[in-house]
Structures are given as C-alpha cells and as structure tokens.
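Report on the structure given below.
Values in this text are rule-based calculations from the coordinates and carry no lab data. None of these values were measured; they are calculated from a predicted model. Heads up, the Cβs are rebuilt from the backbone with ideal geometry, glycines too, and the neighbour counts pull from every protein chain shown.
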C-alpha cells in the first residue's frame with residue numbers, strides 16, 4: 001500500500017524530487033571547485049582581523065567609520081591601540097603650538113642720561129613701554145624683536161623723545177626653581193643686540209643744548225628674571241639699556257620694567 005504522503009493530490013512528490021536534484025547539483029559544484037585548482041579556499045572570517053594594509057573593513061565590529069585600525073583586537077582578545085606614526089613629527093620652532101614663540105608686553109620706568117641745561121628744569125624719567133616677539137630656537141638660545149618707547153625727558157625748556165626697533169639675541173638658563181621648564185619655574189635670561197633708534201629734541205629759546213631729530217644704530221643690553229606661572233604664561237622682571245643718537249651726541253637710556261609673556 002502506497003503512503004498517502006507521496007500521492008496526496010500529487011503535490012509532494014514533485015517537491016521532493018526538486019530538493020533531491022538541488023542537493024545533487026550543489027554537491028557536484030563543490031567537487032568541481034575543489035578539483036579545479038583555482039586556489040579557492042573556504043576560510044573562516046575573523047571580524048577583527050586586519051587587512052594586509054593594517055585596516056579593518058568599514059562596517060565590521062571594532063572598525064572605525066572610515067575603516068581605520070581603531071578597536072583592533074590582539075590575538076589574546078584584548079583591545080589594542082595603533083600608535084604607529086602618531087606624534088612622530090614635532091612642530092617647527094616657529095610653528096603655532098610649539099610653545100617656543102612668545103608675545104610680550106613690558107611697562108616700566110625710563111631714565112635718560114642725556115645732558116641737562118643748568119638754566120632750565122630737568123626731569124630725566126618717564127614711562128617706558130615695549131612690545132616684543134621672542135622665539136627660543138632651543139630651550140636656552142633664541143632671538144627677539146621689539147618696539148620700544150622711552151617716553152620723554154624734560155630739559156632745556158622743551159622735551160626730548162626717544163623710541164626704536166630693537167633686535168636681540170637671548171640666552172636663558174634652565175629653571176632655577178620650580179622644576180625643569182614646568183609651570184612655576186623661575187629662570188634668568190640675558191640679551192645683547194642692536195637698536196635702530198629715533199630721537200627728537202625741541203628746546204626753549206636761550207637753551208645751550210642742541211636740538212633736532214636724529215636716527216641711527218646703537219647697542220642694547222638687557223637681563224631679567226622669568227617666572228612661569230602656567231604652561232603658556234610667564235611674568236618677567238627686566239632691566240635694559242639702550243644707546244640712542246641724540247642731537248649733540250650718543251647717550252644711553254636705562255629702563256626697569258615688569259611684563260607678561262604669552263607662549264603659543
């Protein structure tokens with residue numbers, strides 16, 4: 001007696017025959033691929049394995065959105081971090097972020113050594129101001145360029161002004177207190193350079209002094225203390241001496257100032 005499973009309405013036998021033919025075809029195809037020598041191999045896919053270039057395909061677990069190496073796992077199964085090439089290049093001495101270049105502002109008192117006229121009142125001091133840019137090519141050596149203004153000196157019934165553009169080489173000691181270059185470090189520095197200065201003198205009638213405008217180059221010297229109270233900001237206490245050409249001769253102007261420097 002035949003089973004009703006194969007003859008019920010004539011529907012099941014064609015379906016089973018189709019499944020059998022499909023199984024035979026899949027087996028035959030597998031044998032052909034195995035014997036063809038095409039080099040195809042069935043491989044288990046490791047979702048955390050890196051490509052030959054070291055990147056993980058986007059969309060796989062542990063891959064970054066761009067397919068980078070973020071989240072790669074080592075053979076032990078623990079996450080690993082790729083640091084190859086990161087931070088290998090250092091910023092140049094003048095590049096922003098190098099912390100070797102600073103902008104400074106100094107305010108203080110100036111004292112003119114130019115001669116006074118005995119017949120007139122003489123006031124040889126005024127407000128001193130300077131703005132400068134300093135770059136330390138190494139932690140101990142660098143250069144500075146700055147605009148300096150000495151104010152004015154009252155003499156001969158008139159006034160004498162002086163200002164200039166200063167260029168200096170700077171030498172700085174390692175931190176004397178507060179660690180080696182960290183926040184709170186106290187260091188000393190010295191400067192030597194040249195000044196292109198301009199002066200103007202006007203006098204009252206009867207003064208025996210020379211008047212007029214003078215320009216020229218002169219020597220500049222400086223020294224000071226620097227206190228780093230943060231990674232980017234320092235306070236300075238500074239003494240400087242500049243030699244200007246005045247009508248009647250070359251004389252120095254001395255300054256004492258305090259200032260702030262911001263490194264970037």
Going through region 130-144 one residue at a time, which ones are surrounded by 14 or more Cβ atoms within 10 Å (Cβ to Cβ) and part of a loop (DSSP other than H, G, I, E, B)?
139
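Only one of 240, 228, 251 is in contact with a strand residue (DSSP E or B) (Cβ under 9 Å, 6 or more places away or on another chain) and farther than 21 Å from residue 125 by Cα; which?
228
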